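What follows is a single structure, written as C-alpha cells, with notes after it.
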Amino acid sequence: MLMDDDRISTAQAIALAINTILGVGLTTLPRELTKAAGPDCWIVVILGGIFALISALIIATVITRFNGKTFIEYTSSILGRPVGFLVGVLYAFYFVLSCAVVLRIFSSVIKNFVLESTPREFIIITLLVLSFYLIRHGLEPMARFMVINTPIWLITAVAAFLFTFNKADFSELLPFFRTPPDKLLFGSLSAALSMAGFEVLMVAGQGLNTTKHVYKIALVSIATVTASYLYLVVFVVSVLGVEETKMLLWPTVDVLRSITVPGGILERIEAPLITVWVIMVFTTLSPYYFSAAITIANIFNAKEFKIFVPLLFPWIYFLSMTPQNVLELESWLKFVGNLSIGFGFVIPFIMLIAGSLKARWGKSQ
Amino acid sequence: MKLKKIFLITVAALSIFYTTGCWDMVDIDRRFFVGQIGVDKAEDGEQMLVSFVFPIVRKIAGGQGGGEGGGGGGSTVIAVSTAADSIHAAARQMAMRLSRRLFFEHTRVILIGEELARDGIEEVVNFLERNSEINRRSFVIIVQGKAKDLLNFQNEIEVLPALYIANIFKNRDICARFVEVDVDKFMREIHTTNGNVLLPRMTLGKTDVKISGAAVMKKYKLMGWLEENETMGANFILEEIRGADIVVYIPGYKYPVVFTVTHNKAAKELLEAGDYPKFRVKLDVKGEIVETPEQIRLDQEMLKKIEKLLEDRINQIVTSSIKKLQQEYQVDLLEFGVYLSKHKPEVWERYEKDWENIFPDAEINVETKVTIRGIGASY
C-alpha cells in the first residue's frame, strides 16, 4: 500500500502514462506496421490510437469507481475474494514479464549498436538496479522524474527527425488505402498493442490525488502517444522506404544513424540520441516494476510495498535472460503483446460490466 | 553506526568496478579508421579480395609545427588487402597483420570491383545491412577495373583519398554526369526494386580518379554502363539534377551556347495501360545561359530559338538514355514501376509480376519545356 502522502497529480499521471507507453516499441514499431500494412502504416497508427483510447477509457471508468480502495480490494469487492486474488497474481506476473521483455529488447539494441562487447548481464543489471533505486521511493518521486524527463526526449526526438527531412521521400507513403481491410484491422491491433502500458494506472490509480480527471489523463496521454508514433512512423518510412523498413530489425535506430546535422558540424550523432532512448526505456521499465511490486503488496495487504521490490528483482532478471536470441525474443514480445489485450482490455471490461451490474443490483436490494 | 560504516566501505570498494570506464573502450590510438573499403574478386575466382585503406594519423597531425612535416613524408594512408571468404572475415584476418583494430564508423567510400559486380553483389548488400557499425552515409561506387588499384592513388590536393572521393560527390550541384548513392539510398532502392539500381562509376587516372557515368545493376548484377550523357538523361527523369550544363550549337556559328540547368521537374504520367503501358514524361527545365558565340546578341526572339534548340537537345539526351535502358539492358531504373506502384496501384497490380518484360516495350514520350531565366551579365 502507498504511504498517505505518496499521491500524484493529474499532470504527473499523464506524464507517467506517456512515459510508460513510449519505450522499447519505438525501435521496432515501423517494421511491424509496414509488415502489416505497407505504405498505409500511418493509417494503422491512427486506428490503433482509437483502439488504445477505447481501452484506456474503460480503465479510466474502472478507476473512478475505486473510491479510495486499491485495485485488488475493488476487484475482490465486485468479483469475490478468490477472483480478486487470482487477478492480482495474473497482473503481477504480466508486469514482471513486461519488465523482462523491455529489459531484453533494450539490451539487444544497446549490444548491437553501442556496447558490443559489454556482457548482456551487466547492461540489464545496471538498468534494473537504477530502476530499483527509483521506485523504492514510491510513486510520487517516480512520477516527478517522468515530468522532468518528458521535455528532454520530446524536444530531442522532434529535432532529430527534422534533420532527416532532406532525406525523407514522403511519396513512400503512397498509395493510400490499398491495404485490404482485414490487414488494416490486424495492423491496427498491433499498433494498439504497442500503446499498451496504460494498465499501469489500474494499480497506480490508488495513488491519484483525485479520480475526477481520469478521463482527461486517458485522452491526453493516448493522444500524445499516437501523435508521437505517427511522427516516428512517417519519418522512418519516408527515409528508409517501405521495403527496407520491413527488413531491418530496428529501423528507427538505422534512421538515427544516418542523421547529419547540416553544415557538417556534427556527424554520427546517434550516441546522444540512443542515450535519450535509454532514458525512455528506463521510464517504461520503472512503472512496470513498480506496478508489479505494488500489486503483490496489495495482494498480501502489506503496509509497505518496498520489501517486494528486491524480491522481484531476481525473477525479472532471470526471465529477461531466458530468450536465446533476437528471434526468440520476438516471439516473447508477441506473447506479451497478446497478454496486454487481456490485461489492458478484457479484464478491465469485465470489471466494468461487473461493477455496473453490482451497483444496480445493490440499489434494487 | 557500525553497520553504516561497513556499508560505506563496501560501496567505496565496489566503486573500483564501476569507475573503470567503458567496457568496450578501445583507445583512439588503438584504432585504424577505415576510410575506404574495396571489394574485388580474388584471383582464384572463388574468394573475395578485400582491401581497407586507413590514414596514418601521425602523418596528418604532424603537418603543422611537427618535426617531421607532412609534405615529404610520402603517403598519408596505408592500403592493405587480403583474400577472404567474406568482408567480415577479411577484417578479422587483418587482425593477424595489423597492430590496431579496424573501425568502420567513419568509412566514406565503399568500392566494388567490376568483376565482382558482374557476378553479383548480394554479399556486399548483406554485409552493409547486417553490420551495425558501418557508416550509413558512405558512398557506394562501382569501379571500372579493380577496386584495389584505386585505393592508393596519390595526389597533393587532399590529405586523404577517401575525402577526395567523397568530396567529388559534393560537385553534384554543378555537374549531373554521375549519380550519387550512399548506403542509405542504396539499401532503399535495392530492396524496393529487388536488386535494380544505378550506382556511380569510377575510373582511375594517373594521379586522380574520375567519377562519371553510372553502373547499371540488374538483379544485383552489373550489366553494363551508362555513359556521361546517358546518365544525365536518367538524372533528368529521376529529378536528380541540381546543376547541369547543356551545350547546343546555333546553326551558322562555330562556338556553342552553354546553358546551365538550375531547376528541373519531371512529371510522369500514364497515358494508356494496354498490354504495354504508354507514358508521358514532362520535363520542366529552368536555367540560365552562361556562354554564347560572341557574334550573337540575345533578344526575345533569339532566346525562343535557343530554348527550342535546348528542348530538342534535352529530349535527345533523355530519349537515348531511355532507349539504352529499355533495349540494351532491359531494366527499369527510371522509377516508372515505382511511379505506377505509388500512383496507379490498380494498373501496377496487372504489370507487377512481369514488369521486367513489359518495361522494355513500354512507350515513353518525353516532352521538354525549357525556360531561360537568366543570361549572365551581358546580352
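The values are calculated or read from the model by the stated rules, or taken from the named source; none is laboratory data. Remember, it's a predicted structure, so these values are computed and weren't measured experimentally. Glycine also receives a Cβ, built like all others from the backbone with ideal geometry; neighbour counts cover every protein chain displayed.
Tell me which helices (runs of 4 or more DSSP H) are completely within region A:214-325 and hold 2 or more residues being more than 14 Å from chain B (Cβ to nearest Cβ) and closer than 25 Å to A:ALA192 by Cα, or say none if there are none.
Ranges flagged: A:214-240, A:270-299, A:308-321.
This table checks each residue for (1) more than 23 Å from the chain's Cα centre (by Cα); (2) of a type in the set (Gly, Ala, Ser).
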residue: A:LEU29; (1), (2): no, no
residue: A:LYS35; (1), (2): no, no
residue: A:ALA52; (1), (2): no, yes
residue: A:ALA60; (1), (2): no, yes
residue: A:LYS69; (1), (2): yes, no
residue: A:PRO82; (1), (2): yes, no
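Taking B:ASP245, is it modelled with pLDDT of 90 or more and either farther than 29 Å from B:VAL216 by Cα or crowded, with 16+ Cβ neighbours inside 10 Å (or both)?
It is true that B:ASP245 is modelled with pLDDT of 90 or more and either farther than 29 Å from B:VAL216 by Cα or crowded, with 16+ Cβ neighbours inside 10 Å (or both).
Going by the structure shown, is A:PHE170 modelled with pLDDT of 85 or more and more than 14 Å from chain B (Cβ to nearest Cβ)?
So A:PHE170 does not fit the description; no.
Which residue, of A:LEU230, A:LEU329, is within 21 Å of the chain's Cα centre (by Cα), modelled with pLDDT of 90 or more and surrounded by fewer than 20 Cβ atoms within 10 Å (Cβ to Cβ)?
Exactly one residue qualifies, and that residue is A:LEU230.
Taking region A:292-330, which residues are closer than 19 Å to A:ILE124 by Cβ and hydroxyl-bearing (Ser, Thr, Tyr)?
A:TYR317, A:SER320, A:THR322
If I ask for residues that are under 17 Å from B:VAL370 (Cα atoms) and in contact with a Leu (Cβ under 6 Å, 6 or more places away or on another chain), which ones from region B:271-296 would you list?
Result: B:ARG280, single match.
If I filter region B:204-215 for residues that are free of Cβ contacts under 8 Å to residues at least 40 places away in the same chain and within 21 Å of B:VAL338 (Cβ to Cβ), do I get at least one hit?
Within region B:204-215 (the criterion being free of Cβ contacts under 8 Å to residues at least 40 places away in the same chain and within 21 Å of B:VAL338 (Cβ to Cβ)), the answer is yes, since at least one residue qualifies.
Picking from B:LYS342, B:LYS324, B:LYS305, which residue would you name as being out of contact with any strand residue (DSSP E or B) (no Cβ under 9 Å at 6 or more places or on another chain), basic (Lys, Arg), away from every other protein chain (no Cβ under 14 Å) and in a helix (DSSP H, G or I)?
B:LYS305
I'd like to verify a number: residues in region A:1-43 that are touching a Lys or Arg at 6+ places or on another chain (Cβ under 7 Å) and either at positive phi or among the aliphatic types (A, V, I, L, M) (or both), how many?
The number of residues fulfilling the criteria is 3.
Of the residues B:LYS342, B:LYS304, B:LYS265, B:LYS353, which single one is surrounded by fewer than 16 Cβ atoms within 10 Å (Cβ to Cβ), free of Cβ contacts under 8 Å to residues at least 12 places away in the same chain and within 29 Å of B:GLY195 (Cβ to Cβ)?
B:LYS353
Looking at A:LEU115, A:LEU154, can you tell me which residue is within 25 Å of A:ARG257 (Cβ to Cβ), out of contact with any helix residue (DSSP H, G or I) (no Cβ under 6 Å at 6 or more places or on another chain), within 11 Å of chain B (Cβ to nearest Cβ) and of a type outside the set (D, E, K, R)?
Just one listed residue meets the conditions, A:LEU115.
Please work out if A:LEU208 is away from chain B (no Cβ under 14 Å), in contact (Cβ under 8 Å) with a residue 60 or more places away in the chain and within 16 Å of the chain's Cα centre (by Cα).
no
Say whether the condition of being closer than 19 Å to B:VAL197 by Cβ and surrounded by fewer than 18 Cβ atoms within 10 Å (Cβ to Cβ) is met by at least one residue in region B:323-334.
Looking for residues that are closer than 19 Å to B:VAL197 by Cβ and surrounded by fewer than 18 Cβ atoms within 10 Å (Cβ to Cβ), one finds at least one in region B:323-334, hence yes.
So is A:VAL309 under 25 Å from B:ARG130 (Cα atoms) and in contact (Cβ under 8 Å) with a residue 12 or more places away in the chain or not?
For A:VAL309, the condition - under 25 Å from B:ARG130 (Cα atoms) and in contact (Cβ under 8 Å) with a residue 12 or more places away in the chain - is not met.
Of everything in region A:119-151 that's more than 14 Å from chain B (Cβ to nearest Cβ) and outside any helix (DSSP H, G or I), which residue is surrounded by the fewest Cβ atoms within 10 Å (Cβ to Cβ)?
Applying the filter and picking the extreme gives A:HIS137.
State yes or no: is B:LYS265 in contact with a strand residue (DSSP E or B) (Cβ under 8 Å, 6 or more places away or on another chain), on the phi < 0 side of the Ramachandran plot and not small (Gly, Ala, Ser)?
yes
Does A:LEU90 qualify as being away from every other protein chain (no Cβ under 11 Å) and either without any contact (Cβ under 8 Å) to a residue 40 or more places away in the chain or not basic (Lys, Arg) (or both)?
yes
When you go through (1) in a helix (DSSP H, G or I); (2) touching a residue at least 12 places away in the same chain (Cβ under 8 Å) one by one for B:VAL281, which number turns out not to apply?
(1)
Can you tell me which of B:ASN194, B:ASN131, B:ASN167 is closer than 30 Å to B:MET25 by Cα and either within 17 Å of the chain's Cα centre (by Cα) or within 11 Å of another protein chain (Cβ to nearest Cβ) (or both)?
B:ASN131
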